[in-house]
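Have a look at the structure below, then the notes.
The values are calculated or read from the model by the stated rules, or taken from the named source; none is laboratory data. Keep in mind it's a predicted model, so treat the numbers as computed, not measured. Using ideal geometry, Cβ is built from the backbone for each residue, glycine included, and neighbour counts are taken over all protein chains shown. What goes into the accessible areas is simple: the full protein's heavy atoms, side chains included, and nothing from ligands, DNA or RNA. Shrake-Rupley method; radii C 1.70, N 1.55, O 1.52, S 1.80 Å.
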Amino acid sequence: MIDDDAYDVEDPSSFPMVLVQIPMCNERELDFIHDFPILHFLASGCHGKGALVYSQSIGAACQLDWPKDRILVQVLDDSDDANLQMLIKDEVSSWKEKGVNIVYRHRLIRTGYKAGNLKSAMSCDYVKDYEFVAIFDADFQPNPDYLKLTIPHFK
């Protein structure tokens, strides 16, 4: 947890700027039926649990306990499915409407796989304003206190 002397909770400007990146590419979810893995691919017309992978990870990142003016969530979508892209864009828009500092990025030229996606996102002009970068896989859902538990160790 944040030490009393780490950051002034009364002064959000004392918290460092944190960039949260969520690289995504045609996300899927793994289920088990009678101990056999079943893959649910997010594709046109896909419904049910698989379709929640992107919304759960975006939602968890948007609910991180950190001053809202000191964090930016970048959703880095490398999906090649237009329907999935629209679903992810809609999810980002719904969080933006709630006041979350969040951006959606989609690459037209998807070279370098996940590393290429992250490298491309780091080239944005505004990235220079952030002291820390947290990268969460699309199927990872950090606890709300994740940043408060980790960032002070880098002070």
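Filter segment 117-142 for residues that are within 16 Å of ASP80 (Cβ to Cβ) and either part of a helix (DSSP H, G or I) or in contact with a Leu (Cβ under 7 Å, 6 or more places away or on another chain) (or both) and give the result.
Answer for segment 117-142, where residues must be within 16 Å of ASP80 (Cβ to Cβ) and either part of a helix (DSSP H, G or I) or in contact with a Leu (Cβ under 7 Å, 6 or more places away or on another chain) (or both): ASN117, SER120.
Is it the case, given these coordinates, that LYS114 is at pLDDT below 95, out of contact with any helix residue (DSSP H, G or I) (no Cβ under 8 Å at 6 or more places or on another chain) and part of a helix (DSSP H, G or I)?
Spelling it out, LYS114 is indeed at pLDDT below 95, out of contact with any helix residue (DSSP H, G or I) (no Cβ under 8 Å at 6 or more places or on another chain) and part of a helix (DSSP H, G or I).
What about LEU72, is it closer than 29 Å to SER123 by Cβ and either at pLDDT 90 or above or touching a Ser or Thr at 6+ places or on another chain (Cβ under 7 Å) (or both)?
Yes; evaluated as a whole, the condition is true for this residue.
Just give me the residues in segment 62-78 being in a helix (DSSP H, G or I) and in contact with a Phe, Trp or Tyr (Cβ under 6 Å, 6 or more places away or on another chain), in sequence order.
Scanning segment 62-78 gives CYS62, ARG70.
Which residues, taken from segment 51-92, are hydrophobic (A, V, I, L, M, F, W, C), farther than 23 Å from GLY116 by Cα and touching a Pro at 6+ places or on another chain (Cβ under 7 Å)?
ALA60, LEU64
Can SER93 be described as part of a helix (DSSP H, G or I), open to solvent by 10 Å² or more (accessible area, probe 1.4 Å) and modelled with pLDDT of 90 or more?
yes
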